[in-house]
């Protein structure tokens, strides 16, 4: 039986290796040396079945992350076809027959209707259903909403860095580059032409040193060529259509009496609630199963991107980047509106350096704790701690793309106006909050 929080709270030494246990506020203690009890997950406040499912799902996610490190640290790190991806593609191919069939049936009904209005209406209904179930290609404005578009003419240093890094990791260049006011960075492929989008978070670029920035750019660019299923159309139907069907069939929660129905209408609603409820449960179960398969493949793609980042920026920079990921909750509050206009970039960086210094003693502990807090079979990313473990276990690599001090200064000059714009937005939100 796994230890409980009460059991471990009274322990001092690890029962497995006799090392001293460590802990963080609100977390069950664990052993830093052998990771005893790190896979302890307090049950959520829910009914017993969901507590059991949550605990075992997170424990399996924890084991999956650890297994991924062992797999990639000892094998040649390259994209490869996984069983889960094959299943997702096969399911997608079958599901695509549904909108295609609806499209063909709707068109045929209209073509042979002879002007018969009910048949035309039925055909139009089928065409509308086919349109609703179509694969989503993504839109540029959705991926770049609330971002600052960049250009090679105005930000030559950043675009030069992107070009050098893309050449090193063997990926195509993005078609659109933007900055966002988020502690995040992402890539996407949108539209019929599958235009590539790269978005970098302003706070990240403020917080990272030059080589960490190279590692971040290399990691994100790697998703354009490492078979990441989240960006592929071949697996999209399997990942989305079961949920679409479930939402379409979901009956109302209120009963016939609450809705003021009687007789035949009440009977129809009751049958819908029984049959539709069962179908919704089955469809959502299939949706969850597809995301379990997708989660493993996605975490594999993220780990490959980390290894490519190490190849471009050097292992030391990639390790610092993954180490900082566990500190984001500590670092994020530093980037706020309480700095004077024109000094956001240097003031934020000074505050971030101080926050790192204050948390230096617990940094490794927080990184290891992330193996617990981020563990999930549904997660698209391995935990920061496991990503750091992978880079530590992989062969050490020197940087292939190096930012010189002069290049770093030019990059800061390009970042400066956007840092000031973000400071202004934060100040505006703070003033609005104070007026409430």
Query raised in the report: Can you put 97, 307, 352, 264 in order, fewest other beta carbons within 10 Å first?
Result: 264, 97, 352, 307
Query raised in the report: If each residue's Cβ is checked for other Cβ atoms within 10 Å, how do 284, 418 rank with the fewest at the top?
Result: 284, 418
**Report entry** Cubic angstrom per residue, convex hull over Cα atoms of the stretch 178-252
**Finding:** 127
Requested in this report: Round to the nearest 10 and give me the degree value, 0 to 90, for the angle of helix 48-73's Cα axis relative to the longest principal axis of the chain.
Outcome: 60
Query raised in the report: Helix 360-373: angle to the longest alpha-carbon principal axis of the chain, degrees 0 to 90, nearest 10?
Result: 20
Query raised in the report: In Å and whole numbers, how far do the C-alpha atoms of the stretch 83-134 stretch along each principal axis, longest first?
Result: 50, 16, 10
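So for 242, 433, fewest C-beta neighbours within 10 Å to most, what's the order?
433, 242
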**Report entry** Distance between the stretch 14-51 and the stretch 387-411 - C-alpha centres, whole angstrom
**Finding:** 33
Query raised in the report: Just from its helices, what would the mean residue ellipticity at 222 nm be for the chain, if runs of 4 or more DSSP H residues each count -39500 (n - 2.57) and the sum is divided by every residue, rounded to the nearest 500 deg cm²/dmol?
Result: -19500 deg cm²/dmol
Query raised in the report: If one takes the longest principal axis of the Cα atoms in the chain, at what angle in degrees, from 0 to 90 and to the nearest 10, does the Cα axis of helix 277-313 lie?
Result: 30
Query raised in the report: How compact and how long is the stretch 26-127, expressed as Rg and Dmax of its alpha-carbon atoms in Å?
Result: 25.7, 78
Query raised in the report: Using the C-alpha gyration tensor of the chain, what are the square roots of 5 times its eigenvalues, in whole angstrom, with the largest one first?
Result: 42, 31, 24
Report task. State, to one decimal in nm², a quarter of the convex hull surface area for the C-alpha atoms of the stretch 330-436, i.e. the direction-averaged projected area. Result -> 10.4
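Bear in mind these aren't lab numbers, they're just calculated from the coordinates by the rules spelled out. Being a predicted model, the structure only gives us computed values, none of them experimental. Counting neighbours? That spans all protein chains shown, and the Cβs are built from the backbone with ideal geometry, glycine included.
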